[in-house]
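Here is the structure we will look at.
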Amino acid sequence: MVESFPEIREAVRKLCAEFDGAYWRTLDRERAYPTAFVQALTQAGFLSVLIPEEYGGSGLPLGAAAAILEEIHRSGGNGAACHAQMYTMGVVLKHGSKAQKDQWLPRIAAGELRLQAFGVTEEKAGTDTTRIETTARREGDRYIVNGRKLWISRAEHSDLMVLLARTAPREEARPGDGLSVFIVELNSPGIVVRPVRTMLNHATTEIFLDEVEVPAANLIGIEGKGFRHILDGMNAERILIAAESLGDGRFFVDRASAYAKDREVFGRVIGANQGVQFPIARAYVQVEAAARMIEQALSLDEAGEAFGTEANMAKMVASEAAWFAADVCLQTHGGAGFAEEYDIERKFREARLYQTAPISTNLILSHVATHVLGLPKSF
Ligand SMILES: Cc1cc2nc3c(=O)[nH]c(=O)nc-3n(C[C@H](O)[C@H](O)[C@H](O)COP(=O)(O)OP(=O)(O)OC[C@H]3O[C@@H](n4cnc5c(N)ncnc54)[C@H](O)[C@@H]3O)c2cc1C
């Protein structure tokens with residue numbers, strides 16, 4: 001049984017109550033970053049729960065971060081503005097040297113430095129990460145980085161970025177080799193960040209890197225093994241995204257139930273009709289099933305066992321449950337669901353992302369088909 005962190009949940013709920021629907025609606029309309037919210041989370045120590053105590057964090061397990069993000073989403077907010085600090089941390093914690101941890105972690109934990117950007121995706125390579133073309137060539141005590149990244153969220157609101165770049169040519173035999181991970185300071189000369197406007201308020205960007213100098217000391221782990229290093233962190237990311245979807249799912253079920261109990265049409269509340277209550281009940285069942293899968297993945301992680309498959313499955317089930325619940329909630333609200341003031345249409349747009357990013361459902365199905373069921377590889 002994994003810990004559920006009731007005190008943390010209560011504290012997050014209290015903090016989120018200060019940032020109501022009107023706050024998120026205004027930001028959404030202006031595509032603005034929730035600076036005050038992220039500052040409040042940072043000051044309360046919620047963004048440094050995964051950082052070990054010796055570096056100024058709380059040294060809690062992944063379940064604590066999952067609880068925080070779930071509660072943010074259940075409250076109607078959005079953790080996407082800051083969740084990367086929690087999961088990009090993984091690669092530094094696991095593969096960073098003592099000197100690197102000493103250099104960055106205490107300042108991140110204190111809120112003086114933001115590590116909010118994760119630079120992996122490129123337009124041409126898409127999901128096939130081994131085909132990224134951004135390069136880092138070694139010159140003395142530094143690397144020179146050239147390339148272009150797409151969909152890199154929060155880069156305008158971060159000091160540091162975890163970057164994946166090619167340090168050796170791609171070999172057909174081991175396509176994942178030759179990639180390396182770096183910590184890059186986003187104010188380095190040669191970096192240009194261009195915002196990309198999307199259907200949701202996500203602060204995502206395109207990043208151009210032109211002869212950017214990165215100290216060799218910023219290489220995380222072993223040169224050429226970066227793909228493997230980031231894969232470790234990605235399993236944690238899957239669970240945290242699943243937790244956000246779980247929070248979304250619970251938000252939609254809460255809101256749909258409340259509206260169905262209140263709204264009267266034909267002389268009775270709409271929730272008295274089974275045509276209205278059954279979809280809400282189905283959404284609840286699916287969301288709770290996702291919660292169990294997240295717990296299972298978390299318990300494997302806490303036991304120190306491999307949890308990649310379970311984390312991916314939990315993320316898929318939770319994102320689909322949240323999307324089903326979003327649709328049911330919208331339908332339950334009738335026309336009101338489309339009005340901005342109810343926050344349903346905003347959350348509906350936000351919940352959809354997690355079937356595409358950070359990994360699309362097809363790629364999870366492909367992993368399960370080939371790695372769990374032993375079916376032939378298609379790529
Ligand atoms: C708002 C937003 C924020 C993001 N933030 C970040 C970020 O901070 N950092 C970062 O690095 N990336 C980020 N991403 C990128 C995200 O991870 C990718 O968009 C996602 O992994 C899908 O890659 P793609 O867009 O290139 O799709 P493609 O690879 O072009 O795929 C398109 C579709 O085809 C399907 N597909 C492709 N190949 C196969 C196959 N062999 N079999 C079956 N189906 C297949 C995919 O599942 C997908 O549905 C973000 C994306 C968005 C939209």
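Quick look at the numbers
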{"item": "Degrees separating the helix 62-74 axis from the principal Cα axis of the chain, which is the longest one", "result": "50 degrees"}
{"item": "Candidates per GluC sites (Glu not before Pro) in region 19-126, loop by DSSP, up to 14 other Cβ within 10 Å", "result": "E112, E123"}
{"item": "Under-5 Å amide H pairs with S58, H placed in peptide plane, nonlocal only", "result": "V49, L50, I51"}
{"item": "Relative contact order of the chain, defined on C-alpha pairs under 8 angstrom at six or more residues apart (%)", "result": "15 percent"}
{"item": "Amide proton proximity set for E122, modelled H, under 5 Å, gap of 5+", "result": "L150"}
{"item": "Distance (nanometres) between label positions extended 7 Å along Cα→Cβ at S366 and T127", "result": "0.5 nm"}
{"item": "Relative intensity, log₁₀ I(q)/I(0), of region 228-372 from a Debye sum that treats every alpha carbon as a point, q = 0.10, 0.18 Å⁻¹", "result": "-0.38, -0.94"}
{"item": "Assigned charges on the beta-carbon of Lys, Arg, Asp, Glu; the chain dipole about Cα centre (debye)", "result": "620 debye"}
{"item": "Crossing angle, helix 308-332 versus the chain [Cα axis fit, 0-90 degrees, rounded to tens]", "result": "40 degrees"}
{"item": "log₁₀ of I(q)/I(0) at q = 0.19, 0.22 Å⁻¹ - region 115-223, Debye sum with one point per alpha carbon", "result": "-0.93, -1.21"}
{"item": "Hull-based mean projected area of region 273-353, where the convex hull spans the alpha carbons, in square nanometres", "result": "5.8 nm²"}
{"item": "Square roots of five times the Cα gyration tensor eigenvalues for the chain, Å", "result": "36, 22, 20"}
{"item": "Cα-based equivalent ellipsoid of region 1-132: semi-axis lengths in Å, sorted from largest, via gyration tensor", "result": "24, 21, 15"}
{"item": "Förster radius 25 Å - calculated FRET efficiency between D232 and R174, Cβ distance, rounded to 0.05", "result": "0.90"}
{"item": "Local electrostatic count, E310, Cβ distance below 13 Å [Lys/Arg +1, Asp/Glu -1]", "result": "-1"}
{"item": "Cβ-Cβ FRET estimate between Y23 and E288, R0 fixed at 35 Å, reported to 0.05", "result": "0.75"}
{"item": "Mean separation of Cα contacts under 8 Å, 6 or more apart, over the residue count of region 6-109: relative contact order %", "result": "31 percent"}
{"item": "Cα long-axis angle, helix 98-109 against the chain (0 to 90 degrees, to the nearest 10)", "result": "30 degrees"}
{"item": "GNM result for the chain, Cα springs below 10 Å: residue of G226, G334, G190 fluctuating most strongly", "result": "G334"}
{"item": "Per-residue Cβ neighbour rank within 10 angstrom, fewest leading, Y87, Y55", "result": "Y55, Y87"}
{"item": "Against the rule of thumb 2.2 N^0.38 Å, how large the Cα Rg of region 202-294 comes out", "result": "1.86"}
{"item": "For the chain, calculated [θ]222 nm from helices alone, where every DSSP H run of n ≥ 4 adds -39500 (n - 2.57)", "result": "-15500 deg cm²/dmol"}
{"item": "Most mobile of A351, A22, A236 in a GNM of the chain (Cα contacts under 10 Å)", "result": "A22"}
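A short reminder: the numbers here are calculations on the coordinates, not readings from a lab. A quick note: this is a predicted structure, and the numbers were derived from the prediction, not measured. FYI the Cβ positions are ideal-geometry reconstructions off the backbone, even for glycines, and counts take in every protein chain you see.
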